[in-house]
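Q: Structure provided below as structure tokens; questions to follow.
The values are calculated or read from the model by the stated rules, or taken from the named source; none is laboratory data. Being a predicted model, the structure only gives us computed values, none of them experimental. For neighbour counting, all protein chains shown are included, and Cβ atoms are generated from backbone atoms with ideal geometry for every residue, glycine included.
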Amino acid sequence: MARIGLVAHDEKKNELVGWAAANRDKLGGHELWGTGTTGGRIAASTGLAVSLLKSGPLGGDAQLGAMIAEGRLDALIFFIDPLAAQPHDVDIKALIRLATLYNTLFAVNHATANAVLAAI
């Protein structure tokens, strides 16, 4: 069982919820963690058990980063909106840096999320 973090920028939340619904059976065999809004929407739409952290801008991104640094997260699926500026961009960059530094499986869109899910 892998420990998977789930987060999405506002304009990508529906896309991640749809991806999670399409992959519900596979995700159900793993321990899921999500930032407040994203994780809550995934749980409500799919019935999957998602442990909720704070909303991304309120510290959820930092919590996921801490989990990576502590070895408590095996994969991160973060649907990023490359066309929108984010007010908490520093936190997002820190999360991406930690996922890269600790060699964490990391997906930013459907294609890479499918590859990560196939790998775990």
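Q: Taking the condition of a type in the set (G, A, S), touching a helix residue (DSSP H, G or I) at 6+ places or on another chain (Cβ under 9 Å) and either part of a helix (DSSP H, G or I) or in contact (Cβ under 8 Å) with a residue 12 or more places away in the chain (or both), does A115 pass?
A: no
Q: Might you check whether a residue that is out of contact with any helix residue (DSSP H, G or I) (no Cβ under 8 Å at 6 or more places or on another chain), at pLDDT below 95 and in a helix (DSSP H, G or I) occurs anywhere in the range 75-90?
A: Scanning the range 75-90, I find at least one residue that is out of contact with any helix residue (DSSP H, G or I) (no Cβ under 8 Å at 6 or more places or on another chain), at pLDDT below 95 and in a helix (DSSP H, G or I), so the answer is yes.
Q: Take residues that are within 11 Å of the chain's Cα centre (by Cα) and tell me which of the helices (runs of 4 or more DSSP H) falling wholly in the range 9-59 contain 3 or more.
A: Where helices (runs of 4 or more DSSP H) fall fully within the range 9-59 and carry at least 3 residues being within 11 Å of the chain's Cα centre (by Cα), they are 13-22, 36-46.
Q: Within the range 24-34, identify whether any single residue is closer than 20 Å to I120 by Cα, surrounded by 13 or more Cβ atoms within 10 Å (Cβ to Cβ), among the aromatic types (F, W, Y) and touching a Leu at 6+ places or on another chain (Cβ under 6 Å), and answer yes or no. So that I can check it myself, show each step before the final result.
A: Initially, the range 24-34 is screened for residues closer than 20 Å to I120 by Cα, giving 24-34.
Remaining after also requiring surrounded by 13 or more Cβ atoms within 10 Å (Cβ to Cβ): 24, 26-27, 30-34.
Keeping just the survivors that are among the aromatic types (F, W, Y) gives 33.
If we keep only those that are touching a Leu at 6+ places or on another chain (Cβ under 6 Å) as well, we get none.
No, the conditions are met nowhere in the range 24-34.
Q: Consider L64 carefully, then state whether it is at pLDDT below 90, within 12 Å of the chain's Cα centre (by Cα), surrounded by 21 or more Cβ atoms within 10 Å (Cβ to Cβ) and on the phi < 0 side of the Ramachandran plot.
A: Taking the combined requirement at face value, the residue does not satisfy it.
Q: Then there is this: When the range 1-48 is examined, which residues are found to be closer than 23 Å to E70 by Cα, in contact with a Phe, Trp or Tyr (Cβ under 8 Å, 6 or more places away or on another chain) and touching a residue at least 60 places away in the same chain (Cβ under 8 Å)?
A: Selection gives R3, I4, G5, L6, V7, A8.
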